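Each remark here refers to the structure printed beneath this line.
The values are calculated or read from the model by the stated rules, or taken from the named source; none is laboratory data. All of these numbers come straight from a predicted model, not from anything done at the bench. Positions of Cβ are generated from backbone atoms using ideal geometry, with glycine treated the same way; all protein chains shown enter the neighbour counts. Ligands, DNA and RNA are stripped out before the accessible areas are found, and what is left, the full protein with its side chains, is counted by its heavy atoms. Shrake-Rupley method; radii C 1.70, N 1.55, O 1.52, S 1.80 Å.
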Amino acid sequence: MIHKIILILGSAFTMGSVMAASSGDIFPNYHFEVEITDQPSLQRGAKLFMNYCAGCHSLELQRYNRTFKDLGIDPEIGSENLIFTGAKEVERMHNSLSVADGTKWFGSAPPDLSVTARAKGGDYIYNYLQGFYVDDSRPLGFNNTVFPGASMPNPLWQLQGLQKPVIEEHEHCNSTGECETNTKIVGFEKLTEGTLNDLGYQRVASDLTNFLVYVSDPSALQRLAMGPWVLLFLALLTVLFYFLKREFWRDIH
Ligand code: HEC
């Protein structure tokens with residue numbers, strides 16, 4: 001409980017209004033419940049990130065050893081299983097894709113994701129990872145409802161399966177009788193089954209989002225751990241000051 005309160009207060013300052021990034025008109029529009037104290041989820045998220053995202057995206061502001069320490073990963077096991085670039089444990093989480101190559105291959109370079117969760121919010125990433133659909137008009141065959149025209153192909157399509165959008169048409173007529181048809185994506189239909197079911201894939205999206213939220217503000221974990229002690233200290237201080245006040249006012253009538 002106390003963790004939740006501190007987390008809410010902390011993120012109110014840091015994330016602020018950007019949390020409301022996804023609009024009600026876009027599908028999917030799930031709310032993401034941040035659980036950065038859920039260490040197994042963060043560990044799964046880190047593993048997924050290194051396997052499915054790090055080929056294109058770096059985390060320039062984060063070092064491997066900091067990640068291992070915060071997430072309770074044994075440094076030796078981490079170095080062996082999560083560092084694919086030959087980097088040392090103390091190094092930042094670069095990747096070997098240059099901006100020029102990224103732009104040439106994908107149309108726009110994959111951005112560094114160190115602070116994306118702060119800039120756009122957990123909801124955005126969570127929905128983005130679930131918003132890919134097959135679109136043959138796009139260069140790499142994928143489009144995304146949350147970020148229309150994104151140059152990123154769905155890196156997780158084997159887990160999720162391929163999907164196509166379910167489109168609803170609405171006709172709007174103005175007062176002069178002119179009508180136009182608006183289309184809106186209201187859901188997805190599976191074209192091929194992935195290796196995970198819907199719930200399993202949601203967990204993948206959730207673990208990855210959780211990990212990126214942690215990366216965007218790694219000291220939040222320390223703040224959370226310190227919070228209860230600060231509150232306890234203030235409570236003790238209140239008692240102490242109360243007796244002090246009684247002592248000072250004793251002779252004043
Ligand atoms: C094949 C390369 C590639 C892989 C693998 C990849 N991405 Fe991307 N990603 C891109 C590119 C390119 C963009 C830039 C899209 C654009 O600006 O059109 C991008 C953009 C993003 C964005 C920013 C979207 C925005 O609104 O700015 C997020 C978040 C993201 N990727 C998350 C991930 C995650 C999480 C993974 C792993 C599951 C991943 N990416 C794997 C290429 C990749």
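Using the beta-carbon distance between residue 192 and residue 240 and R0 = 51 Å, what value does 1/(1 + (r/R0)^6) give for FRET efficiency, to the nearest 0.05?
Approximately 0.15, to the nearest 0.05.
Using a probe radius of 1.4 Å on heavy atoms only, what accessible surface per residue do you get for the range 2-248? Whole Å² is fine.
Accessible area per residue: 58 Å².
What ratio of Cα Rg to 2.2 N^0.38 Å holds for the chain?
1.31
Give the angle, between 0 and 90 degrees and rounded to the nearest 10, that separates the Cα long axis of helix 220-249 from the longest principal axis of the Cα atoms of the chain.
30
Counting only helical runs of four or more DSSP H residues, what would the 222 nm mean residue ellipticity of the chain come to if each run contributes -39,500 (n - 2.57) and the total is spread over all its residues?
Dividing the helical sum by the residues of the chain leaves -14000 deg cm²/dmol.
Rounded to the nearest percent, how much of the accessible area of the chain (1.4 Å probe, protein heavy atoms only) is carbon and sulfur?
60
Order 207, 101, 251 by their accessible area, 1.4 angstrom probe, all chains in place, largest first.
Largest accessible area first, the list is 251, 101, 207.
Ranked by accessible surface with a 1.4 Å probe, highest first, in what order do 69, 245, 88, 164 come?
Sorted by accessible area, descending: 69, 88, 245, 164.
To the nearest 20 Debye, how big is the dipole of the range 2-248 about its Cα centre, given +1 on the beta carbon of each Lys and Arg and -1 on that of each Asp and Glu?
Approximately 980 debye in magnitude.
No partner Cβ under 4.7 angstrom, meaning no disulfide-compatible partner by this rule: which Cys of the chain qualify?
53, 56 - these cysteines have no disulfide-compatible partner (Cβ-Cβ under 4.7 Å) in the chain.
How big is the shadow of the Cα convex hull of the range 111-189, averaged over all directions, in nm²?
7.3
With everything on Cα atoms, drop me the angle between helix 39-52 and the longest principal axis of the chain, reported from 0 to 90° to the nearest 10.
Helix 39-52 sits at roughly 30 degrees to that axis.
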